[in-house]
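Structure first, then comments.
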Amino acid sequence: MGFDLSGMKPTVNTEPSELVIKVKKDWFINYEALNEGEKNQYQAENSKWEEENPGIYFRANVWGWRPLWRYVYSLCSDILTEEEYDSCTYNDGIEISEVKAFAISAILFKALKEGEVEAAILLEKAHNDALPDEDCKYCEEGVRVMKRDDDTEEEITCNSCDGTTKVRLFSTNYGTSVDHVKRFATFAKESGGFTVW
């Protein structure tokens with residue numbers, strides 16, 4: 001699962017290519033009509049255009065978005081409502097206003113400049129590293145029984161715990177980085193407000 005954020009009134013620094021305009025006009029139809037070379041060209045041109053115009057689009061997978069947004073809320077709880085915070089952790093299309101997006105960006109850039117972001121990330125990592133492993137729920141003593149196509153069974157080393165019987169807590173899969181925070185701060189600043197899908 002991923003989170004797609006779109007700028008509502010993004011700053012446009014460069015115009016998209018004709019191919020990008022054509023595909024975006026009716027994405028499902030136009031993209032499918034492209035041959036493999038054209039698809040590669042579209043992806044390259046679209047990536048370049050989005051890079052040159054960072055307020056248009058921001059994407060994060062669930063592992064990166066939720067800790068990033070949690071961190072944003074920890075700094076911006078006087079700007080964002082609890083409803084906005086909660087809604088942005090789901091793909092329901094909530095809108096964050098231009099004023100709020102710009103304020104979020106300013107707060108994040110200040111935290112980046114003062115080293116607070118890096119410190120928070122290191123603290124979160126230290127916290128996660130200190131959490132104990134939990135028992136693997138997929139195996140018995142590091143071994144799994146797999147059914148073959150011919151209905152026979154085979155014992156294999158558990159691929160979840162590598163036979164150790166212990167796994168990291170699921171919550172430790174979530175994390176963010178200084179670069180990710182910086183990219184989001186730039187997006188928020190240039191977005192003119194954004195929606196979260």
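Residues that are under 26 Å from ASN53 (Cα atoms), touching a helix residue (DSSP H, G or I) at 6+ places or on another chain (Cβ under 8 Å) and among the small types (Gly, Ala, Ser) occur in region 170-181; there is at least one.
Note on region 70-93: residues that are touching a residue at least 40 places away in the same chain (Cβ under 8 Å) and open to solvent by less than 30 Å² (accessible area, probe 1.4 Å) amount to 4. For GLU124, the conditions (1) of a type in the set (D, E, K, R); (2) out of contact with any strand residue (DSSP E or B) (no Cβ under 8 Å at 6 or more places or on another chain); (3) at pLDDT below 95; (4) open to solvent by 80 Å² or more (accessible area, probe 1.4 Å) are fulfilled apart from (4).
Of the listed requirements (1) under 21 Å from the mean Cα position of the chain (by Cα); (2) modelled with pLDDT of 95 or more; (3) more than 20 Å from SER191 (Cβ to Cβ), TYR42 misses just one: (1). Within region 123-164, the set of residues being within 30 Å of SER177 (Cβ to Cβ), more than 28 Å from the chain's Cα centre (by Cα) and basic (Lys, Arg) is empty. Across region 98-121, which residue is farthest from LEU68 (Cα to Cα) among those that are open to solvent by 50 Å² or more (accessible area, probe 1.4 Å) and small (Gly, Ala, Ser)? Per the criteria, the residue is ALA106.
Scan region 155-178 for residues that are among the hydroxyl-bearing types (Ser, Thr, Tyr) and either open to solvent by 70 Å² or more (accessible area, probe 1.4 Å) or within 15 Å of GLU134 (Cβ to Cβ) (or both) and the total you get is 6. Residues that are open to solvent by 10 Å² or more (accessible area, probe 1.4 Å) and either closer than 13 Å to PHE194 by Cβ or not polar (S, T, N, Q) (or both) within region 52-63 comprise GLU52, PRO54, ILE56, TYR57, ARG59, VAL62, TRP63, listed in sequence order.
Tallying residues that are touching a helix residue (DSSP H, G or I) at 6+ places or on another chain (Cβ under 9 Å) and either over 30 Å from LEU68 (Cβ atoms) or not aliphatic (A, V, I, L, M) (or both) within region 128-159 yields 3. One residue alone among VAL20, VAL12 is of a type in the set (Val, Ile, Thr) and part of a helix (DSSP H, G or I), and that residue is VAL20.
The values are calculated or read from the model by the stated rules, or taken from the named source; none is laboratory data. Keep in mind the model is a prediction, meaning the values are calculated, not measured. Ideal geometry is used to build each Cβ from the backbone, glycine not excepted, and the neighbour counts take in all protein chains shown. Keep in mind that these areas ignore ligands, DNA and RNA; they rest on the heavy atoms of the full protein, side chains included. Shrake-Rupley method; radii C 1.70, N 1.55, O 1.52, S 1.80 Å.
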